[in-house]
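J.: I'd like to ask you about the structure that follows.
The values are calculated or read from the model by the stated rules, or taken from the named source; none is laboratory data. It should be emphasised that the depicted structure is a prediction, and the values quoted were computed from it without experimental measurement. In this analysis, Cβ positions are derived from the backbone assuming ideal geometry, glycine residues included, and neighbour counts consider all displayed protein chains.
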């Protein structure tokens, strides 16, 4: 594949390392040459892998759509504009693969917590539930996209939970049964840790995923890029992993 890397931060550099020598990099775009995105074309780029910022992602995706380039987007924090992207994808007969987390392990983790919630929902009056997410201090959005995905899984499985509430650097929260607390912490050099906690007076159940490095995220993004070449529409990790 000929791959454009849009965003050359920690994730973009990790993607670059894993792409070579198996694929060709057609272009690397960052804040210093952002106008180069206008020079991408389908004849020289099979797919773009985008890891930038919530403020930039929507425009980057739209520009790729207009140039008939499939996009793998790992940026989170822009989903309030999802309807714009969905409509544009249809308008341009384009291709988007997006995920809050491209790690294969994290998506297995999502599957595990879904089934844990199905069991624990019968004991919602016994256990309180909270999510804790820890990331590096450079992370732009809070809570993390992964934590929001976790909350959506829980809300789908446990009807009593109506919304999530974000607490920054708090370890003790008081919420109602209808609110799911997400505790967000920012610590230097932490790649990404997510904990789902079921707490009661007699015990606690903790289901945790801890990323040791960024390799898993980058590898998942590359697998997603390989997956969408030749396809049209919007895809997620559930499509790649064939998880229902």
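J.: For the stretch 111-128, name all the residues that are crowded, with 16+ Cβ neighbours inside 10 Å, in contact (Cβ under 8 Å) with a residue 60 or more places away in the chain and within 22 Å of the chain's Cα centre (by Cα).
T.: Within the stretch 111-128, 113, 116 meet the criteria.
J.: If you take the residues of the stretch 195-212 that are in contact (Cβ under 8 Å) with a residue 60 or more places away in the chain and surrounded by fewer than 16 Cβ atoms within 10 Å (Cβ to Cβ), which of them is farthest from residue 184 (Cα to Cα)?
T.: 200
J.: Ok, one more. Just name the residue that is surrounded by the fewest Cβ atoms within 10 Å (Cβ to Cβ) out of those in the stretch 32-53 that are touching a helix residue (DSSP H, G or I) at 6+ places or on another chain (Cβ under 9 Å) and over 20 Å from residue 229 (Cα atoms).
T.: 38
J.: Separate question: Just to be sure before I move on: is residue 223 within 19 Å of residue 100 (Cβ to Cβ) and either out of contact with any strand residue (DSSP E or B) (no Cβ under 9 Å at 6 or more places or on another chain) or surrounded by fewer than 16 Cβ atoms within 10 Å (Cβ to Cβ) (or both) in the structure I sent?
T.: For residue 223, the condition - within 19 Å of residue 100 (Cβ to Cβ) and either out of contact with any strand residue (DSSP E or B) (no Cβ under 9 Å at 6 or more places or on another chain) or surrounded by fewer than 16 Cβ atoms within 10 Å (Cβ to Cβ) (or both) - is met.
J.: Here's a follow-up. Just checking, which of 187, 243 is over 17 Å from residue 96 (Cα atoms), in contact with a helix residue (DSSP H, G or I) (Cβ under 9 Å, 6 or more places away or on another chain), surrounded by fewer than 16 Cβ atoms within 10 Å (Cβ to Cβ) and at pLDDT below 95?
T.: Checking each option against the conditions leaves just 243.
J.: Here's another thing I want to ask about it. Being in contact with a strand residue (DSSP E or B) (Cβ under 6 Å, 6 or more places away or on another chain) and in a helix (DSSP H, G or I) is true for just one of 151, 90. Which residue is that?
T.: On the way: 90 fails: in contact with a strand residue (DSSP E or B) (Cβ under 6 Å, 6 or more places away or on another chain).
From the options 151, 90, the qualifying one is 151.
J.: Also, quick follow-up: Looking for something within 19 Å of the chain's Cα centre (by Cα), at pLDDT 95 or above and buried (at least 20 other Cβ atoms within 10 Å of the Cβ) - is there at least one such residue anywhere in the stretch 156-163?
T.: Taking the stretch 156-163 as the starting set, the residues that turn out to be within 19 Å of the chain's Cα centre (by Cα) are 156.
After this cut, where a residue has to be at pLDDT 95 or above as well, the list is 156.
Now drop any that are not buried (at least 20 other Cβ atoms within 10 Å of the Cβ), which leaves none.
Looking through the stretch 156-163, none of the residues is within 19 Å of the chain's Cα centre (by Cα), at pLDDT 95 or above and buried (at least 20 other Cβ atoms within 10 Å of the Cβ).
J.: Condition first: touching a helix residue (DSSP H, G or I) at 6+ places or on another chain (Cβ under 9 Å) and more than 19 Å from residue 162 (Cα to Cα). Now tell me which residues in the stretch 117-134 satisfy that.
T.: 133
J.: Can I ask one more? Could you please find all residues in the stretch 129-155 being farther than 17 Å from residue 54 by Cβ and in contact (Cβ under 8 Å) with a residue 24 or more places away in the chain? Even if it seems obvious, please write down each step before you answer.
T.: The first filter runs over the stretch 129-155 and keeps only residues farther than 17 Å from residue 54 by Cβ, leaving 129-132, 134, 150-155.
Selection gives 129, 130, 131, 132, 134, 150, 151, 153, 154, 155.
J.: Then there is this: With the requirement that a residue be in contact with a helix residue (DSSP H, G or I) (Cβ under 6 Å, 6 or more places away or on another chain) and modelled with pLDDT of 95 or more, what does the stretch 208-218 give you?
T.: Within the stretch 208-218, 209, 218 meet the criteria.
J.: Now a separate question. Could you look through the stretch 129-148, keep only residues that are within 15 Å of the chain's Cα centre (by Cα) and assigned to a loop (DSSP other than H, G, I, E, B), and pick out the one that is modelled with the lowest pLDDT?
T.: Step one: of the stretch 129-148, the residues within 15 Å of the chain's Cα centre (by Cα) are 133-135, 139-148.
Within this subset, residues satisfying the condition of being assigned to a loop (DSSP other than H, G, I, E, B) are 139-144.
On the way: 139: 85, 140: 77, 141: 84, 142: 89, 143: 94, 144: 93.
The qualifying residue modelled with the lowest pLDDT is 140.
J.: So, restricting to strands (runs of 3 or more DSSP E) that lie completely within the stretch 1-58, which ones have at least 3 residues that are free of Cβ contacts under 8 Å to residues at least 60 places away in the same chain and closer than 29 Å to residue 87 by Cβ?
T.: The strands (runs of 3 or more DSSP E) meeting that bar are 2-6, 24-29.
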